[in-house]
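K.L.:
Let me begin by handing over the structure; questions about it come next.
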Amino acid sequence: MAKLWSGRFEQNTSALLDAFNASIPFDQKLWQQDIIGSKAHSKMLHKIGLLNEAELQQIWQGLDAIAQEITDGTFEFNLGDEDIHMAIEGALISKIGDTGKKLHTARSRNDQVALDFRLYVLQSNQEIRQKLVALIQTLLEIASQHTQSIMPGMTHLQHAQPVNLAFHLIAWCCNFKRDIQRLSSSFERHCYSPLGAGALAGVPYPTDRESVAQDLGFIAPTLNAMDSVSERDFALDLLYEIAMMMMHISRVAEELVLWSSYEFGFVSFSDAFSTGSSIMPQKKNPDVAELLRGKSGRSYGNLISLLVVMKGLPLAYNKDTQEDKESVFDSVETALLSLEILTRSLKDLTFHTHKMLEMAKIGHLTATDLADFLVQQCQIPFREAHHITGKIVAYAEHKGVDLSELTQEELISQDSRIQIGVKEALGLQSSVDARNSLGGTSTQQTKTQIASLQEWLHLEMEKLK
Ligand code: ARG
């Protein structure tokens, strides 16, 4: 079939050009958005008197029939159609004849693609947030069971101070909460309809962009036609937000890789979320967590790829922009799948709290508590208390025991100012509960943090309904 824009051409395009130029192999993914957009556009054309009722009906029926064919898999996508917009418009004309030729009145592919892609980005933004909500919910359910499960808190990957497992899981949740907030704010920023911008300068018809925007669920139409067809900030924001979220997922994944090793032994993946080795029969590998860690790479690549495509582009539309789609599709699919897999594997994860507790007893984790005890109960200045504690740690080291295992007499023998009650202060649970400052790891503070996240999550779920 001749191209829809072939009027001024005397020869057919080369097959090589068609293959290079076409976006249909990947932008067919936007068929639903394209049909929804065409319906809203034709409805508006009818409203302002450019289509009569019968024509509008014909167009809608034709579009519905095309949607059905695509769903059934009987629609033929041809390279020669160049992109999804021309494939659908061409099919409509073949189906309903001349009326179909009126659909593209007061519209350009430039505002059409800007609309379709923006709808896809906004829908994906919502889907990702829904999955993030489910992930946080899962983490909070696990956390609620572990407000008294003690584990070593680390800095520099060295034992530092005892914390409870819930506290650690809440720290993960805080990252994912900010991911949702970033997505929500960019959703608001980009929820404006570019349709009606035309090629770049607006259109010479009395269009009603407000009603189109409203029909499509946008807040309002965009302000400036030239900006509407040329900017891809909406896609870049999503790519950045996904890259950041994947970075968070990779950090969680790395901890799961470490925790599932023999050296840590803090967690075990279920068989359903583990893999074996082709040569070592005994192995159970955390491939899922490793892949989650690795997937961040492509999401960073996708962000950089589109930033570079957009860099230096003159206004308004340029064909370079057609390169915006595959990176976004890939990042969205990666994000959705990663979130699903992470949530499912966490639900199945076994936490070995006895091992966590055992490890918390190694490394004199309550040394800071001893120093604080000397300050608070024995009126010793902190710097001196720090020094005395260091000496006692060295004594315990020498004896081959943990600080928390020294007897009261041994402790007092190190410095006569040390008072009765010191032994209790060095217990792991009392160390955790002593950190009752706002945001701290005490059981009480941890429960408050869980409640606060749950309350926030509830409001977020309302917004996503
Ligand atoms: N396939 C194109 C894209 O994805 C659609 C817009 C083409 N517009 C044009 N004037 N060539 O960007």
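K.L.:
Any chance you could check the Cα centroid distance between the range 127-153 and the range 360-393 for me, in angstrom?
P.N.:
The distance from the Cα centre of the range 127-153 to that of the range 360-393 comes to 33 Å.
K.L.:
Moving on to the next point. Let me check against my output: what whole-number percent is the relative contact order of the range 4-106, with C-alpha pairs under 8 Å and at least 6 apart?
P.N.:
38
K.L.:
Which value in nm describes the separation of the simple spin-label points at Glu340 and Met280, placed 7 Å from the Cα toward the beta carbon?
P.N.:
Distance between label points: 3.1 nm.
K.L.:
Going by alpha carbons, how many degrees (0 to 90, nearest 10) lie between the helix axis of 109-144 and the longest principal axis of the chain?
P.N.:
Rounded to the nearest ten degrees, it is 20.
K.L.:
Also, quick follow-up: Could you give the angle, 0 to 90 degrees to the nearest 10, between helix 287-310's Cα long axis and the longest principal axis of the Cα atoms of the chain?
P.N.:
50
K.L.:
Something else: Where only protein heavy atoms count, and the probe is 1.4 Å, what is the accessible area per residue for the chain in Å²?
P.N.:
Ligands and nucleic acids excluded, the result is 48 Å² per residue.
K.L.:
Here is a follow-up. Counting alpha carbon pairs within less than 8 Å and at least 6 residues apart, what relative contact order, in whole percent, applies to the chain?
P.N.:
Reported as a whole number, the value is 16 percent.
K.L.:
What span do the alpha-carbon atoms of the chain cover on each of the three principal axes, reported in whole Å from largest to smallest?
P.N.:
Extents along the principal axes: 100, 53, 38 Å.
K.L.:
As I understand it, the dipole of the chain uses +1 on the Cβ of Lys and Arg and -1 on the Cβ of Asp and Glu, about the Cα centre. Which of Ala371, Leu303, Thr275 lies farthest toward its positive end?
P.N.:
With unit charges placed on the Cβ atoms, the residue in question is Ala371.
K.L.:
Same structure again: Calculate the translational D of the range 378-465 in whole µm² s⁻¹ from Stokes-Einstein, where the hydrodynamic radius comes from the Kirkwood formula applied to all Cα pairs, the temperature is 4 °C and the viscosity 1.567 mPa s. Walk me through the intermediate numbers first.
P.N.:
Working: Rh = 15.9 Å.
Here the translational diffusion coefficient equals 82 µm²/s.
K.L.:
Straight-line reach only, C-alpha to C-alpha below 19 angstrom: list the lysines that Lys399 could link to, leaving out same-chain residues fewer than 8 apart.
P.N.:
The qualifying lysines are Lys361, Lys391, Lys423.
K.L.:
Given Met246, Leu236, Trp259, which one lies farthest toward the positive end of the charge dipole of the range 174-327, if we put +1 on the Cβ of every Lys and Arg and -1 on the Cβ of every Asp and Glu?
P.N.:
Trp259
K.L.:
Taking a 25 Å limit on the Cα-Cα distance, which of the listed pairs Lys177/Lys319; Lys29/Lys347; Lys319/Lys463; Lys177/Lys355; Lys3/Lys101 fall beyond it?
P.N.:
In this structure, Lys177/Lys319; Lys29/Lys347; Lys319/Lys463; Lys177/Lys355 exceed 25 Å between Cα atoms.
K.L.:
Once every Cα of the range 122-281 carries one equal point scatterer and solvent is ignored, give the base-10 log of I(q)/I(0) from the Debye formula at q = 0.18 Å⁻¹, two decimals.
P.N.:
The calculated log intensity ratios at q = 0.18 Å⁻¹ are -1.14.
K.L.:
Please compute the length gained on full extension between Val375 and Thr350, using 0.36 nm multiplied by the number of residues separating them and subtracting their Cα-Cα distance.
P.N.:
Result for the pair: 5.0 nm of gain on full extension.
K.L.:
For the Cα atoms of the chain, what angle does the longest principal axis make with the long axis of helix 53-72, in degrees from 0 to 90, nearest 10?
P.N.:
Long axis of 53-72 versus the principal axis of the chain: about 50 degrees.
K.L.:
Largest first and in whole Å, give the semi-axes of the range 71-170's equivalent ellipsoid, each being the square root of 5 times a Cα gyration tensor eigenvalue. Walk me through the numbers on the way to the answer.
P.N.:
Details: eigenvalues 627, 40, 31 Å².
Calculated on Cα positions only, the semi-axes equal 56, 14, 12 Å.
K.L.:
Before rounding to the nearest 500, sum -39500 (n - 2.57) across all DSSP H runs of length at least 4 in the chain and divide by the residue total; then give [θ] at 222 nm in deg cm²/dmol.
P.N.:
Value at 222 nm, helices only: -20500 deg cm²/dmol.
The values are calculated or read from the model by the stated rules, or taken from the named source; none is laboratory data. This is a predicted model, so every value here is computed, not measured. A quick note on method: Cβ atoms are made from the backbone with ideal geometry, for glycine too, and the neighbour counts reach across all protein chains shown. Side chains included, ligands, DNA and RNA excluded: accessible areas come from the protein's heavy atoms. Shrake-Rupley method; radii C 1.70, N 1.55, O 1.52, S 1.80 Å.
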